[in-house]
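Everything below concerns the one structure shown next.
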Amino acid sequence: MTITDPVAPEALVLWCRADRVLWRRTLGGVVVLPTQRTTEPVALRGPAAMIWELLAEPLRAADLLESLAATYGVGAHEVAADVAGALDLLLELGALCRD
């Protein structure tokens with residue numbers, strides 16, 4: 001997935017947490033028990049944990065990019081790969097939905 005261009009179609013996709021995913025905050029980030037691929041919990045740290053927290057309400061990928069970039073004080077293009085990777089992983093695990 002490529003979402004570096006904030007007006008690209010992929011950047012406009014609306015992301016949200018899957019309804020039946022169990023998760024908890026920890027001192028080191030967030031632990032998610034996904035619904036697919038594995039029954040093992042997945043620990044999210046750094047940008048991935050922040051993405052999970054930001055998705056308490058559905059957001060577009062472009063908004064996630066902007067929020068992470070602002071938090072880390074970098075350009076959106078510098079966090080685009082982290083955002084895309086985290087979204088892909090969480091989608092594959094069944095932890096996220098996209099519209």
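Things worth noting here:
- Taking only the Cα atoms of the chain, the ratio Rg/Rh comes out at 0.95, with Rh defined as the Kirkwood radius.
- Coupling constants for the stretch 19-24 follow from the phi torsions by the Karplus curve (6.51 cos²θ - 1.76 cosθ + 1.60, θ = phi - 60°), and in residue order they are 4, 9, 7, 8, 7, 8 Hz; glycine and proline get x.
- For G29, net neighbour charge (Lys/Arg +1, Asp/Glu -1) across residues whose Cβ lies under 11 Å away: +2
- Close amide H partners of T35, meaning residues 5 or more places away or on another chain with modelled amide H under 5 Å apart, are A95.
- Note on the chain: helix-only mean residue ellipticity at 222 nm, from DSSP H runs of 4+ residues weighted -39500 (n - 2.57) and normalised by residue number, equals -11500 deg cm²/dmol.
- Rel. contact order, % - alpha carbon contacts under 8 angstrom, at least six apart, the chain: 38
- Kyte-Doolittle at least 0.5, axis length at least 20 Å by Cα - qualifying DSSP helices, the chain: 76-92
Here, each number is a calculation from the coordinates, and none is a lab measurement. Note that this is a predicted model, so its numbers are computed, not measured. Positions of Cβ are generated from backbone atoms using ideal geometry, with glycine treated the same way; all protein chains shown enter the neighbour counts.
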